[in-house]
Amino acid sequence: MNTIQTKPLSNKLLFIMATAIAATAANLYYNQPLIPSIGESLRLSESVLGFIPSASQIGYAMAIFFISPLGDVMNRKTVIRNLSITLVIALLGVYFAPNFGILVAATFVVGLGANITQQLLPLGSSLATPENKGKVVATLMTGLTTGILLSRTLSGFIAEHFGWRSVFLTAAVIAAIIGVVLHVYLPSNKPTAKLKYNQLLASMFTLVKTKPLLREAAFVGALWFAAFNAMWATIAIHVMEEPFSLSVQQVGLLGFVGAAGIFGAKIAGKWADKIGARKVMTVSISLVLVSFVVLALGQNNMVVLCIGIVLLDLGVFGSQIPNQVRVFSVDVNAQSRANAIYMLFYYIGASAGSALGVSVISKFGWTGLTIFGFALAAIALLFHISKKSK
């Protein structure tokens, strides 16, 4: 093992870690339902709005590559403490941002600070026993799912009553509290890896080269998460126009609809142990494919649109759990690096999906957006079923 456990992974500690993951991951998605409001406030053209959600995803992807691997050679508790400080400062930067340039820069740093999630996931996996590893990963990923889905509801509610900037002030306070709690309760770990930083980064390329399962997991995950973010980055633009004309708070409530993904994550974690990760992923990716057909049919019908959102979130997070378990099994002594590679691709996909999604909907409307998402999901499914890995 790459860590020495100093405290048992009790239910209390697992709950704290899952809650911290939820609160931290939310910072990457608070801005999605706020895009029209931010654009109006800063007088931005629609052509540049996609860079706002994309900036946090790019920052997150950069942190995954350059910061996540440190968990294999440093005390993760120390890394998490420094990331917490960074996150609080960045969120305050977004709150005070006077123009587009500073806003995007601060949003990028928010993505860097949110790497806390990618330190907690491998830490939880390393503290788990072989018998409960699937359960632990499912619980932590349920926290991630909850943070992603409910972030939009919280930001929409706060923005409706106090303005979009207040969302990020609230997030800074939450991040500070979470940082203190983690510093108090997280166990210290003593990594056995003795690599220098440049060797650490170079070893990630070796993992990509020698682990075909890791390559498959990363590529497929990037595709379905690109589709997911393309939809969520543009849903506010679509439903705030005719015939729906929703307010920003009402847009945020769509996060509750997407909360079905939480159940998808729990069910997937359970069935992955029973019938195998591969079969669960095939079914889940198929749901993503079907969801974009339903979303297209629901262009002017809120009920059908909501059904499409439910299917999309069930499919994405139902795929994520078994895929994550496969990644952590690639090399028990390089869990942070394997997870970093996987999540790097995952959030590159998210960033591309967000930026391209806004561009697609501005040029081709909701129909074009759903075709774009369908195509990404179709490629992911075809690639997945063509492979023989478990």
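Here the average projected area of the convex hull drawn through the C-alpha atoms of region 84-226 stands at 11.4 nm². Loop-resident trypsin sites (Lys or Arg not before Pro) (DSSP state other than H, G, I, E or B) in region 125-217 with no more than 15 further Cβ atoms inside 10 Å of their Cβ: 194, 196. Using the heavy atoms of the protein chains and a 1.4 angstrom probe, tell me the accessible area per residue for region 76-119 in square angstrom. Value returned for region 76-119: 35 Å² of accessible area per residue. Near residue 73, once Lys and Arg are set to +1 and Asp and Glu to -1 for all other residues with Cβ below 15 Å from its Cβ, the sum equals +4. Extension gain for the segment residue 199 to residue 242, taken as residue separation times 0.36 nm less the Cα-Cα distance, is 10.0 nm to one decimal. For region 1-103, the carbon plus sulfur part of the accessible surface works out to 67%, probe radius 1.4 Å. As a size descriptor, the averaged projected area of the C-alpha convex hull of region 146-257 was calculated at 11.0 nm². With 0.36 nm allotted per residue and the present C-alpha distance subtracted, the residue 333-residue 12 stretch has 113.0 nm of extension available.
Within the accessible surface of region 254-345, defined with a 1.4 Å probe on protein heavy atoms only, the carbon and sulfur portion equals 73 percent. Where a ≥ b ≥ c are the square roots of the eigenvalues of the C-alpha gyration tensor, would you call the chain rounded, which needs a/c under 1.5, or, failing that, prolate if a/b is larger than b/c, or oblate? Because a/c hits 1.5 or more and a/b fails to exceed b/c, the chain counts as oblate.
With the gyration tensor restricted to C-alpha atoms of region 326-383, the semi-axes of the equivalent ellipsoid amount to 31, 13, 5 Å, longest first. Helices in the chain, meaning DSSP H runs of at least 4 residues, each add -39500 (n - 2.57). Divided by all residues, the mean residue ellipticity at 222 nm is -27000 deg cm²/dmol. Based on C-alpha pairs under 8 angstrom that are at least 6 apart in sequence, the chain has a relative contact order of 27 percent. Compactness of region 252-390, taken as the C-alpha radius of gyration over 2.2 N^0.38 Å, stands at 1.10. Other residues within the sphere of radius under 13 Å centred on the Cβ of residue 195, judged by their own Cβ, net out at +2 (K and R +1, D and E -1). Based on Cα atoms of region 1-95, Rg over Rh with Rh as the Kirkwood radius reads 1.07.
Shape verdict for region 172-225, please, from the Cα gyration tensor: rounded (a/c under 1.5), prolate (a/b greater than b/c) or oblate. It comes out oblate by the Cα gyration axes. Between residue 177 and residue 385, full extension at 0.36 nm per residue minus the direct alpha carbon distance yields a gain of 70.5 nm. Think of a 1.4 Å ball rolled over the protein heavy atoms: region 137-216 then has 46 Å² of accessible area per residue. The equivalent ellipsoid of region 106-161 has semi-axes of 28, 15, 5 Å, largest first, where each one is the square root of 5 times an eigenvalue of the Cα gyration tensor.
Note on region 173-316: Rg/Rh from C-alpha atoms, Kirkwood Rh, equals 1.09. Surface exposure of region 289-338, expressed per residue as accessible area with a 1.4 Å probe, stands at 29 Å².
With all protein chains present, how much of the accessible area of region 172-249 (probe radius 1.4 Å) comes from carbon and sulfur, to the nearest whole percent?
67 percent
The values are calculated or read from the model by the stated rules, or taken from the named source; none is laboratory data. Everything numeric here is computed off the predicted structure, so don't read it as measured data. Cβ coordinates were reconstructed from backbone atoms using ideal geometry, including for glycine residues, and neighbour counts include every protein chain displayed. These accessible areas exclude ligands, DNA and RNA; they are computed on the full protein's heavy atoms, side chains included. Shrake-Rupley method; radii C 1.70, N 1.55, O 1.52, S 1.80 Å.
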